[in-house]
Amino acid sequence: MSGIGITLRLLHDGERDLEQDLLAAAARHRTDHEFHHVALDVARWSREHATRLADAGRDHGLALSGPRDHPSPGGLAALRAKASEALGRRPENGLLLLHDLRDLHLAAARNSLHWEMLAQAAQATRDERLLTLTGGCHPQTLRQLRWTNTMVKILAPQLLTSV
């Protein structure tokens, strides 16, 4: 497998993981409405990225599966919703949100580095399709990074000094 193929696979898996992590965090923090809705919105970007990466993978001889299926809401989803409602805006829940934001930021940073590596390889090989892909997706990953960073800056001072 070529270096581009390896990077495509790593990025595809990273976007799939980030989507799942965003959806799980949105469910855990359902009572924080701003976080919940933005997390769902930016999870859609990662889902779209995984789809586009699977399409690009075919051009490079890869069989990438695309985004994961969403599990049907079952007992676990109901349990998460009840736990989120029960915890509400308690300080411990805020620390859990801060922990989730840190993990989401690190996952988005890893994906951003892979997008950058892929863009540089696309420029070196003059691969217009890969350049279009990276030019369309990487800015959204950078927005995911800025969002998590902004949320950490807003929440950390209050949460870390009040618990």
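The values are calculated or read from the model by the stated rules, or taken from the named source; none is laboratory data. From a predicted model like this one, the values you see are computed outputs, not experimental measurements. Positions of Cβ are generated from backbone atoms using ideal geometry, with glycine treated the same way; all protein chains shown enter the neighbour counts. Side chains are part of the model used for accessible areas, which takes the heavy atoms of the whole protein and leaves out ligands, DNA and RNA. Shrake-Rupley method; radii C 1.70, N 1.55, O 1.52, S 1.80 Å.
What is the spread of the Cα atoms of segment 113-163 along each of their three principal axes, largest first, in whole Å?
Projected onto the principal axes, the Cα atoms of segment 113-163 cover 53, 15, 9 Å.
Running a GNM on the chain with Cα contacts under 10 Å, which residue among A122, A39, A50 ends up with the highest mean-square fluctuation?
Looking only at A122, A39, A50, the largest GNM fluctuation is found for A122.
Tell me, what HN-Hα J-couplings in whole Hz come from the Karplus equation 6.51 cos²θ - 1.76 cosθ + 1.60 at θ = phi - 60° for each residue of segment 38-44, using x for Gly and Pro?
For segment 38-44, the Karplus curve yields 5, 4, 5, 5, 6, 5, 4 Hz.
How many Å² of accessible area per residue for the chain, probe 1.4 Å?
Working: 8950 Å² over 163 residues.
About 55 Å² of surface per residue is accessible.
Given a 1.4 Å probe and every protein chain left where it sits, what share in percent of the accessible area of the chain is carbon and sulfur? Don't skip to the answer; put the middle values down first.
Details: 5090 of 8950 Å².
Carbon plus sulfur share of accessible area: 57 percent.
From the alpha carbon gyration tensor of the chain, can you work out the equivalent ellipsoid semi-axes (sqrt of 5 times each eigenvalue) and give them in Å, largest to smallest?
Details: eigenvalues 217, 64, 22 Å².
For the chain, the ellipsoid semi-axes come out as 33, 18, 10 Å.
Take I154 and H99, extend 7 Å from each Cα along the Cα→Cβ direction, and tell me the distance between the two endpoints in nm.
Here the modelled spin labels are 2.2 nm apart.
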